[in-house]
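Report on the structure given below.
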Amino acid sequence: WFIYGYIVWEFGHFIYHYLGHKVRLFWCLHSTHHAPEDMNLSVTHAHFFLEAPYADAIRTTVCILLGVSPAMLFVIMFIDGTYGAFIHVGENVIKNGRLGFLNKLILTPSHHRVHHARNPLYMDTNFCNLLNIWDKVFGTFQDEQDDIEIEYGITREMDSGNFIDVYFGEIVALAKDVIKAPGIKNKFLYIFMPPGWSHTGDHKTAKIV
């Protein structure tokens with residue numbers, strides 16, 4: 001039951017995390033976590049304050065609907081939170097984040113460094129937290145490549161040392177696009193389509209990049 005519960009939890013986590021990258025409104029909340037331009041444990045706590053409520057609403061709802069008991073869910077969330085902090089360990093602490101043979105079995109710091117990269121090959125990959133089963137099922141799994149140096153951060157030009165830009169920059173950018181968009185349909189599409197979508201057809205989404 002614990003293994004079942006953890007697989008279900010990872011499914012809920014995958015859904016929330018995938019939407020955080022593929023729905024621009026949710027990306028406005030999640031982008032704060034991707035703004036840092038290097039990796040260290042403090043990145044674990046770089047989140048927009050509204051992200052946690054919608055994330056846990058999705059994850060816990062999936063678990064409860066699929067029969068995971070509240071007591072087991074509490075244990076799973078504790079493990080997930082602890083390991084979720086660890087995978088943000090930087091190269092200054094663990095140079096090679098693959099963790100040996102574990103790189104083939106679970107999601108390691110190396111995989112999560114890939115997730116935080118803005119390199120075209122690495123964008124929108126490795127959405128899971130500990131068990132990378134759902135990334136492999138849905139085709140979003142990506143190993144770190146030795147010949148591609150990871151570039152951390154987001155693709156929008158921003159001042160990573162400016163709290164206002166890091167915290168609210170994507171919201172401001174979305175608001176400008178919505179205001180300029182012609183027609184109600186396009187305004188809604190800017191909100192719910194992936195980051196980089198444009199009503200002109202000049203899309204710069206991660207998939208196209």
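The values are calculated or read from the model by the stated rules, or taken from the named source; none is laboratory data. Computed from a predicted structure; not experimentally measured. Neighbour counts are summed over all protein chains in view; Cβ atoms, including those assigned to glycine, are modelled from backbone coordinates with ideal geometry. What goes into the accessible areas is simple: the full protein's heavy atoms, side chains included, and nothing from ligands, DNA or RNA. Shrake-Rupley method; radii C 1.70, N 1.55, O 1.52, S 1.80 Å.
Hey, with R₀ at 35 Å, roughly what FRET efficiency would residue 44 and residue 3 work out to, going by the Cβ-Cβ distance, to 0.05?
Values: r = 25 Å, r/R0 = 0.72.
Computed FRET efficiency for residue 44 and residue 3 comes out at 0.85.
Which shape class applies to region 115-209: rounded if a/c is under 1.5, otherwise prolate when a/b exceeds b/c and oblate if not, where a ≥ b ≥ c are the square roots of the Cα gyration tensor eigenvalues? Since a/c reaches 1.5 and a/b is larger than b/c, the shape of region 115-209 is classed as prolate. For the set 39, 193, the ranking by accessible area, highest first and with no ligand, DNA or RNA atoms included, is 193, 39 under a 1.4 Å probe.
FRET efficiency for residue 106 and residue 178, Cβ-Cβ distance as r, R0 = 35 Å, nearest 0.05? Efficiency computed from Cβ-Cβ geometry: 0.30. Remark: region 103-110, residue by residue, has Karplus-estimated 3J(HN,Hα) of 4, 8, 10, 9, 7, 10, x, 4 Hz, where x stands for each Gly or Pro and the curve is 6.51 cos²θ - 1.76 cosθ + 1.60 at θ = phi - 60°.
The magnitude of the dipole of the chain, with charges of +1 and -1 set on the Cβ of Lys/Arg and Asp/Glu and taken from the Cα centre, is near 680 debye.
Kindly sort 93, 8 by accessible area of their heavy atoms, largest first, with the probe set to 1.4 Å. Intermediate values should be presented prior to the final figure.
Numbers: 93 105, 8 10 Å².
My answer, sorted largest first, is 93, 8.
Taking other residues whose beta carbon is less than 15 angstrom from the beta carbon of residue 30, and scoring Lys, Arg as +1 and Asp, Glu as -1, yields +1.
Within the chain, which DSSP H helices have Cα atoms that stretch 20 Å or more along the helix axis and a mean Kyte-Doolittle hydropathy of at least -0.5? Don't jump to the answer; show the numbers that get you there.
Working: long enough: 2-22 (29 Å, 0.27); 51-65 (21 Å, 0.61); 70-86 (24 Å, 1.46); 163-180 (26 Å, 1.06).
Length and hydropathy pass: 2-22, 51-65, 70-86, 163-180.
Find which of 106, 131, 67 sits farthest along the positive direction of the dipole of region 43-193, computed with +1 on the beta-carbon of Lys and Arg, -1 on that of Asp and Glu, about the Cα centre. My answer, from the dipole projection, is 67. Note on residue 204 and residue 75: with the Förster distance fixed at 41 Å, the Cβ-Cβ geometry gives a FRET efficiency of about 0.50.
Rounded to whole Å and ordered largest first, report the semi-axes of the equivalent ellipsoid of the chain derived from its Cα gyration tensor (root of 5λ). Provide the component values of the computation, followed by the final result.
Working: eigenvalues 158, 93, 51 Å².
After diagonalising the Cα gyration tensor, the semi-axes are 28, 22, 16 Å.
At most 10 other Cβ atoms within 10 Å plus a DSSP loop assignment makes a site exposed; report the longest stretch of the chain without any exposed GluC sites (Glu not before Pro). Answer from the scan: 1-148. Simple spin-label estimate for residue 85 and residue 192 gives 3.8 nm between the two label positions (7 Å along the Cα-to-Cβ direction from each Cα).
Based on alpha-carbon atoms only, what is the radius of gyration of region 45-100 relative to the globular estimate 2.2 N^0.38 Å? Show your work: numbers first, answer last.
Values: Rg = 14.6 Å, N = 56, 2.2 N^0.38 = 10.2 Å.
Taking the Cα Rg and dividing by 2.2 N^0.38 Å, one obtains 1.44.
Rolling a 1.4 Å probe over the protein heavy atoms of the chain, with every protein chain left in place, gives an accessible area that is 67 percent carbon and sulfur. The spacing between region 69-100 and region 156-209, judged by their C-alpha centroids, is 31 Å.
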